[in-house]
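What follows draws every value from the coordinates through simple rules; no lab data is involved. Since the structure is predicted, the reported quantities are computational estimates derived from the model, not experimental observations. With ideal geometry, Cβ positions are generated from the backbone for all residues, glycine too; neighbour counts draw on all protein chains shown.
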């Protein structure tokens, strides 16, 4: 059987804040609470796990872990409408809706931990 990607887990010092951010940005619900919560969208689960929880499971694992920066991408139906809603919620927008030469219209925002979130639609 081929591997099937089902989601990713973000290690954070603030599970409730990060989970609430993604739930609001993606029109989803938060399941669980610190030290582990998740937000489910069609096709994948985005989970959040406390840094201290990870350290308690595997002592020393976080000592050399760098604060990894990454981009999470989510396809949405209407980038411009979502952009307006996020602005009204006070979400930090890094790049307003822009149509890229490769056929995507996207808006970039920043999550509370400083990671980039790309919400896009195919055009």
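Short-range pairs are left out: with C-alpha atoms under 8 Å and at least six residues apart, the relative contact order of the range 11-120 is 22 percent.
Once you sort the root eigenvalues of the Cα gyration tensor of the range 69-123 as a ≥ b ≥ c, which label holds: rounded (a/c under 1.5), prolate (a/b larger than b/c) or oblate (the other case)? Please list the in-between numbers first.
On the way: a/c = 2.05, a/b = 1.26, b/c = 1.62.
Judged from the Cα gyration tensor, the range 69-123 comes out oblate (a/c at least 1.5, b/c at or above a/b).
Compared with the alpha-carbon gap, the fully stretched path from residue 78 to residue 61 is longer by 2.1 nm at 0.36 nm per residue.
Using the Cα gyration tensor of the chain, with a ≥ b ≥ c the square roots of its eigenvalues, what is the shape: rounded (a/c below 1.5), prolate (a/b larger than b/c) or oblate (neither)? Because a/c hits 1.5 or more and a/b exceeds b/c, the chain counts as prolate. Output the antiparallel fraction of DSSP beta bridges having both residues in the range 1-97, as a percent to the nearest 5. Of those bridges, close to 60 percent are antiparallel. Counting only DSSP H runs of at least 4 residues, each contributing -39500 (n - 2.57), and dividing by the residue count of the chain, the helix-based mean residue ellipticity at 222 nm comes to -7000 deg cm²/dmol. Helix 15-26: angle to the longest alpha-carbon principal axis of the chain, degrees 0 to 90, nearest 10? The angle comes out at about 20 degrees.
Assuming R0 = 41 Å, can you tell me the calculated FRET efficiency for the pair residue 71 and residue 1, based on Cβ-Cβ distance, to the nearest 0.05?
Given R0 = 41 Å and the Cβ-Cβ separation, E is 0.90.
According to the square roots a ≥ b ≥ c of the eigenvalues of the Cα gyration tensor, what is the shape class of the range 1-68, taking rounded for a/c under 1.5, prolate for a/b larger than b/c otherwise, and oblate for the remainder? Because a/c hits 1.5 or more and a/b fails to exceed b/c, the range 1-68 counts as oblate.
Once you keep just the Cα pairs under 8 angstrom separated by 6 or more residues, what percentage relative contact order results for the range 69-123?
Relative contact order for the range 69-123 comes out at 43 percent.
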